[in-house]
Structures are given as C-alpha cells and as structure tokens.
Amino acid sequence: NNPLYLIRNGEIMVLKENRNPVGIHPFEKPFENHVYHLIRGDKLYMFSDGYVDQFGARTGRKFLRNNFQRLLLHVSNLNLTMQEEQEILEETLDEWRGDVTQIDDILVLGLKI
C-alpha cells in the first residue's frame, strides 16, 4: 500500500501503488504491472510504513510521508553512496524517535541505476 519513489534529476516522482496488501487477505485483487523506462542515475525507493508512522520524541507526531519525501530528495541530491544515504536515514530516524519506542518494522530499500 505504499508508492514507489523515483528520483531523477533532483525531482521525485511518486509511482502509484496498488491498494492491495501483500499476503492473504479476504478481498485480494490481482496486482497491476507497470512499465517505466529508467535511466542511469535514477534512484528508486520502496518502503514499509514504519518510517513515516514513527512518532517523534519532541513533537509526539508521526514523521509523515511529506517529510520522508523531502528527506529522500535531500540525501539523493548530496551525491552520496547508497550506504551513506542509509546512514543518514538511520541517523535522522534515531534523532526523530529519541527515546520513543519504535512502533513498527522499518524497511527502506533504495536502488541506484
């Protein structure tokens, strides 16, 4: 139920998700296939809802999708390795979360073409 983010030339494209859970569900629908032309330097990001749903210690609010998109754009534009991007994402989440317990699994998958 999360979109795929494609970052190209400093801009983020939100590639629409299927509103269909992974796994067994009473109202399963077939997944749609989408075809996109990727070019060298494109970055793709897939993620679970754990990052955006994490509550912050200072605000008591969730991180939210818009903040996550801005963060991905920021790290993507720094021309770092994917490992360095991962470290920034982890540090940002740790700082945001503070002493608040992690509420969900957190998965972010980034691919550079």
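The values are calculated or read from the model by the stated rules, or taken from the named source; none is laboratory data. Source: prediction; values computed, not measured. All Cβ positions, glycine included, derive from the backbone under ideal geometry; neighbour counts span all protein chains shown. Side chains are part of the model used for accessible areas, which takes the heavy atoms of the whole protein and leaves out ligands, DNA and RNA. Shrake-Rupley method; radii C 1.70, N 1.55, O 1.52, S 1.80 Å.
Collect the residues in region 89-113 that are among the polar types (S, T, N, Q) and in contact with a helix residue (DSSP H, G or I) (Cβ under 7 Å, 6 or more places away or on another chain), keeping them in residue-number order.
We begin by selecting, within region 89-113, every residue among the polar types (S, T, N, Q); these are 92, 101-102.
T92, the sole residue that qualifies.
Residues checked against (1) open to solvent by 80 Å² or more (accessible area, probe 1.4 Å); (2) acidic (D, E); (3) under 15 Å from the mean Cα position of the chain (by Cα):
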{"residue": "I39", "(1), (2), (3)": "no, no, no"}
{"residue": "Y51", "(1), (2), (3)": "no, no, yes"}
{"residue": "A57", "(1), (2), (3)": "no, no, no"}
{"residue": "F63", "(1), (2), (3)": "no, no, yes"}
{"residue": "F68", "(1), (2), (3)": "no, no, yes"}
{"residue": "T81", "(1), (2), (3)": "no, no, no"}
{"residue": "D94", "(1), (2), (3)": "yes, yes, no"}
{"residue": "K112", "(1), (2), (3)": "yes, no, yes"}
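Select from region 96-107 the residues that are out of contact with any Gly (no Cβ under 6 Å at 6 or more places or on another chain), in contact (Cβ under 8 Å) with a residue 12 or more places away in the chain, open to solvent by 50 Å² or more (accessible area, probe 1.4 Å) and not in a helix (DSSP H, G or I) and list them in ascending order.
Answer for region 96-107, where residues must be out of contact with any Gly (no Cβ under 6 Å at 6 or more places or on another chain), in contact (Cβ under 8 Å) with a residue 12 or more places away in the chain, open to solvent by 50 Å² or more (accessible area, probe 1.4 Å) and not in a helix (DSSP H, G or I): D99, Q102, I103, L107.
Can you tell me how many residues in region 83-92 are in contact (Cβ under 8 Å) with a residue 24 or more places away in the chain and either open to solvent by less than 50 Å² (accessible area, probe 1.4 Å) or over 22 Å from N2 (Cβ atoms) (or both)?
Going through region 83-92 one residue at a time, the tally reaches 2.
Within region 64-80, is even one residue modelled with pLDDT of 95 or more, assigned to a strand (DSSP E or B) and of a type outside the set (A, V, I, L, M)?
No: zero hits.
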